[in-house]
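Asks: Quick one: this structure, given as structure tokens, is what I'll be asking you about.
Every number in this text was worked out from the coordinates using simple rules, so none of it is lab data. Owing to the predicted nature of the structure, the values given are computational and were not obtained by experimental measurement. Heads up, the Cβs are rebuilt from the backbone with ideal geometry, glycines too, and the neighbour counts pull from every protein chain shown.
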Amino acid sequence: MNKKVIIDCDVGVDDALALILAFGSPELEVLGIAGVNGNVSLPKVMKNIEKVLTLIRPSNRPWVARGADRPLQGDPVHAESLHGEDGLGGAQIQPEEAGRYWQVFPGAAEELLIEMARRYPAQITLIAIGPLTNLALALQKDPEAMRQFNEIVVMGGAVRTRGNITPHAEFNFYVDPLAAKIVLDSGLPGTLVPLDATHQVPLTPELMEEKVRPRQNSFSQFVIEATGYESGEGYFRGGRKAFYLHDPLAVGAVIQPEWVKKEKLSISVEAKKGEFYGKSYEVSGRKTNAEVCLKVDREKFLGLFLNSLLGENRHL
Ligand code: RIB
Ligand code: CA
């Protein structure tokens, strides 16, 4: 049974890997993709969505919608040191024209979320793998529509672990903490996939040597270029020994929910400027508002990810 999904993303490298996993999974039907400012600026995010769809060549021509180019409050923050100046590590893909592998949605991203939630009540899982600006805008415009999503899965936050953009904050929540607070405090049925879980699923030089490099197809080449993997040196862009599969895990949690152990918690986000800006934290004495993924079956998820990425059905 296909799960209908919409993916809100800030393509970046791990977002791209998440899209490849989603479209490569028979369990999912990706109806639409919304872009948001995050890893790189919005124009680069939208161009990267086109590049990744050109690589994937989806047969169902999903909607693509342009979203927010800045957070609700504060200035845009980007992560080019990890994702490269273009957001895909300079991976060489000449994007196709719209119409062949996707359709341009005639409205802003928050309109796509609202329209699709109303068209398919209680049938769509919204997977948010970038800053939550588009979701907050949709909630402000039409909260009733947003309640029509069957589930909202968010990659974001650092609940019982250190942040990755400051010692306290995870990147998606740090870029737009007010939006994250609005979404988490909305009471929508949500699953949170924080760094506590995503740091359990790194892409490593060993996996690159054993599984990716030998595959020799367009997807394995993309992973090598996008992650900046240097085979001889045994590291990724910036000398990193691991490339965390943050966003693919959020998709994996929708494909195989039983592979993540969740705890019902009440989570909020610090939206005031200062040392703890963007920090996600547990609120005591309040109704729970999220099922938080804290433990992952690493072997099963990495197997799913690599098989989908490099599997037989992928284009040579
Ligand atoms: O903290 C990791 C998250 O921030 C991922 O979604 C990554 O793509 C960046 O957006
Ligand atoms: Ca992302």
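Asks: Mind grabbing the base-10 log of I(q)/I(0) for the range 116-205 at q = 0.21 Å⁻¹? Debye formula, identical points on the C-alpha positions, no solvent, two decimal places.
Replies: The calculated log intensity ratios at q = 0.21 Å⁻¹ are -0.98.
Asks: Looking at the calculated P(r) for the range 1-149, what percent of the C-alpha pair distances fall above 27 Å? Spell out each step's value before the answer.
Replies: On the way: 1776 of 11026 pairs.
Roughly 16 percent, once rounded to a whole number.
Asks: Moving to a separate point now. Please sort by residue number the trypsin sites (Lys or Arg not before Pro) in the range 33-140 whose DSSP state is loop and whose Cβ has at most 15 other Cβ atoms within 10 Å. Can you show the working numbers first?
Replies: Numbers: sites: 44, 47, 51, 66, 100, 118, 119; in loops: 100.
Those that pass, being in a loop and sparsely packed, are 100.
Asks: Quick one: Cα convex hull volume of the range 136-276, Å³ per residue? It would help to have the intermediate numbers written out before the result.
Replies: Working: hull volume 20.4 nm³, N = 141.
It comes to 145 Å³ per residue, whole-number rounded.
Asks: Hey, another quick one. Consider just the alpha-carbon atoms of the range 51-117 and return their Rg together with their Dmax, both in angstrom.
Replies: Cα-based Rg and Dmax for the range 51-117 come out at 14.5, 39 Å.
Asks: Also, I was wondering about something else. Once amide H atoms are built 1.01 Å from N in the peptide plane, which residues 5 or more positions from residue 28, or in another chain, come under 5 Å H to H?
Replies: Counting only residues 5 or more places away or on other chains, the set is 3.
Asks: Report, by chain and number, residues whose modeled amide H sits under 5 Å from the one on residue 34, excluding near sequence neighbours (fewer than 5 apart, same chain).
Replies: Answer set, sorted by chain and number: 7, 8, 9, 65.
Asks: Per q in 0.10 Å⁻¹, report the Debye log10 I(q)/I(0) for the chain, using one uniform scatterer on each alpha carbon and no solvent.
Replies: Taken in order of the listed q values, log10 I(q)/I(0) reads -0.49.
Asks: Between residue 147 and residue 307, with labels modelled 7 Å along Cα→Cβ, what's the label distance in nm to one decimal, could you check?
Replies: 4.0
Asks: Also, I was wondering about something else. Per 0.36 nm of contour for each residue apart, how much would the distance between residue 263 and residue 286 grow if the chain were fully extended, relative to their Cα-Cα spacing?
Replies: Working: separation 23, 0.36 × 23 = 8.28 nm, distance 1.47 nm.
Here the segment from residue 263 to residue 286 would lengthen by 6.8 nm.
Asks: Shifting gears a bit: Alpha carbon centre of the range 142-169 versus the range 264-281: separation in Å?
Replies: So the two Cα centres are separated by 11 Å.
Asks: What's the FRET efficiency of residue 295 with residue 92 using the Cβ-Cβ distance as r and R₀ = 51 Å, to the nearest 0.05?
Replies: On the way: r = 38 Å, r/R0 = 0.74.
About 0.85, to the nearest 0.05.
Asks: Of all the stretches in the chain, which is the longest one without any exposed loop site, taking GluC sites (Glu not before Pro) in a DSSP loop (any state but H, G, I, E, B) with at most 11 other Cβ atoms within 10 Å?
Replies: 98-232
Asks: Could I ask something else about it? Would you work out which of 292, 269, 217 lies farthest towards the positive end of the dipole of the chain, given +1 charges on the beta-carbon of Lys and Arg and -1 on that of Asp and Glu, about the Cα centre?
Replies: It is 292.
Asks: Mind checking which helices in the chain clear 18 Å along their axis (Cα) and have mean Kyte-Doolittle hydropathy of -0.5 or more, DSSP H runs only?
Replies: Going by DSSP H runs, the hits are 42-56.
Asks: So, with +1 on the Cβ of K and R and -1 on the Cβ of D and E, and no other charges, what is the size of the charge dipole of the range 1-156 about its Cα centre, to the nearest 20 debye?
Replies: For this selection, approximately 420 debye.
Asks: I've got another one for you. Among 129, 56, 33, which one moves the most in a GNM of the chain with springs linking Cα atoms closer than 10 Å?
Replies: Per the Cα network of the chain with a 10 Å cutoff, 56 tops the list.
Asks: How big is the range 127-178 along each principal axis, measuring the range of its Cα positions in Å and listing the largest first?
Replies: 36, 19, 14
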